[in-house]
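Structure record follows, encoded as structure tokens.
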Amino acid sequence: MNRQTVLERLRRTVSEGRPVIGAGAGTGLSAKCAEAGGVDLIIIYNSGRYRMAGRGSLAGLLPYGDANQIVVEMASEVLPVVRDTPVLAGVCGTDPFRVMPRFLDTLKDMGFAGGAELPDRRPVRRGSSGRTSSETGMGFDLEIEMVRLAHERDLVTAPYVFTAAQAREMAAAGADVLVPHVGLTTKGSIGAGTALSLDQAVAAVQEMRDAAAEIRPDILVLCHGGPIAEPSDAAYVLSRTKGVVGFFGASSVERLPTELAITAQVAAFKNLEI
């Protein structure tokens, strides 16, 4: 599925007054079920594997494995079971062991419709750490470059951003879908305990959306993360923002439902009488 077809479908969804919903998938079953539910985009990246192994999503930013190789491995599990939904690859753009243009070509040949710069190091890069990353060739500029290279290859690009400045830079690099990230998702057994309030999330998402729209008025913006964990949370944010057209969920669409469903099912079996 090419970039033009994907974007036409997404914009048609918006024009019909329906939200664009993206889902992270850590397993083939997650992807299969998300598609059955009507999801518009599926993304696979290393945090999905860790998340569904019972570890927090932050594990994807730590040195527990080769993020880009994990995505390639996950592709063989996910791509064969997804029938008609575009699948995006979470690409670690700062990977110093990949020739990025060739790696993106490989992902496209495998059947990915696009990519996003995941995992990225921005949530943990602060102060001198951020400066050192840039000085040693592992900075945000490489993540921007990855999005630019993907755009050149006619791949759908859907980067996460954490600030208004990043939103402008990613929009200028060719981002088609922008995902303002407001923190690790809360709730559940391994969710974050510290997060913005929903009203703070509304303000943060709107600021990033407006910054991106200054560069590309047609950019599609989906909220994600932090306190936006349930459908009602997403509804709250969407009803209080302008120009935000949907929601991208990972923990929200596979970890939390899995935790609840398995716990309830086992409890129901245990309540049987003999």
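The values are calculated or read from the model by the stated rules, or taken from the named source; none is laboratory data. It should be emphasised that the depicted structure is a prediction, and the values quoted were computed from it without experimental measurement. Heads up, the Cβs are rebuilt from the backbone with ideal geometry, glycines too, and the neighbour counts pull from every protein chain shown. For the accessible areas, the whole protein counts, side chains as well, though only heavy atoms, and no ligand, DNA or RNA atoms are used. Shrake-Rupley method; radii C 1.70, N 1.55, O 1.52, S 1.80 Å.
Residue-wise HN-Hα couplings along the range 138-145, as the Karplus relation 6.51 cos²θ - 1.76 cosθ + 1.60 with θ = phi - 60° gives them from phi, are 9, x, 4, 4, 6, 5, 5, 4 Hz; Gly and Pro carry x. Near the amide H of residue 23, within less than 5 Å, lie the amide hydrogens of 41, 42, 43, 249, all on another chain or at least 5 residues away, with H placed in the peptide plane. Per-residue 3J(HN,Hα) values for the range 103-116, derived from phi via the Karplus relation 6.51 cos²θ - 1.76 cosθ + 1.60 with θ = phi - 60°, read 5, 5, 4, 4, 4, 5, 5, 6, x, 6, 8, x, x, 9 Hz in sequence order (x marks Gly and Pro). Here the Debye sum runs over all C-alpha atoms of the chain as equal scatterers in vacuum, and log10 of I(q)/I(0) at q = 0.15 Å⁻¹ comes out as -1.10.
Panel note: the C-alpha atoms of the range 180-269, placed on their principal axes, show extents of 54, 24, 18 Å (largest first). Its DSSP H runs of at least 4 residues, each contributing -39,500 (n - 2.57), put the calculated 222 nm mean residue ellipticity of the chain at -14000 deg cm²/dmol, to the nearest 500. Packing order of peptides 244-257, 161-174, highest average first: 244-257, 161-174 (average count of other Cβ atoms within 10 Å over each peptide's residues). Under a Cβ-Cβ cut-off of 11 Å, what is the net charge of the residues other than residue 180 that fall near it, where Lys and Arg count +1 and Asp and Glu count -1? So the surrounding residues net to -1. Split the accessible area of the chain by element, probe 1.4 Å, and carbon with sulfur accounts for 55%. With contacts taken as Cα pairs under 8 Å and at least 6 residues apart, the chain reaches a relative contact order of 18 percent. Taking θ as phi - 60° and the Karplus parameters 6.51, -1.76 and 1.60, the scalar couplings of the range 169-184 work out to 5, 5, 4, 5, 6, x, 4, 8, 10, 10, 10, x, 9, 10, x, 4 Hz in sequence order, x denoting glycine and proline. Using only alpha-carbon positions in the range 166-205, the gyration tensor eigenvalues give semi-axes of 26, 12, 7 Å once each is multiplied by 5 and square-rooted (largest first). Other residues with beta-carbon under 13 Å from the beta-carbon of residue 86 carry, at +1 per Lys or Arg and -1 per Asp or Glu, a net charge of -2. Taken per residue, the accessible surface of the range 172-264 reaches 40 Å², heavy atoms only and a 1.4 Å probe. Note on residue 210 and residue 69: with the Förster distance fixed at 45 Å, the Cβ-Cβ geometry gives a FRET efficiency of about 0.75.
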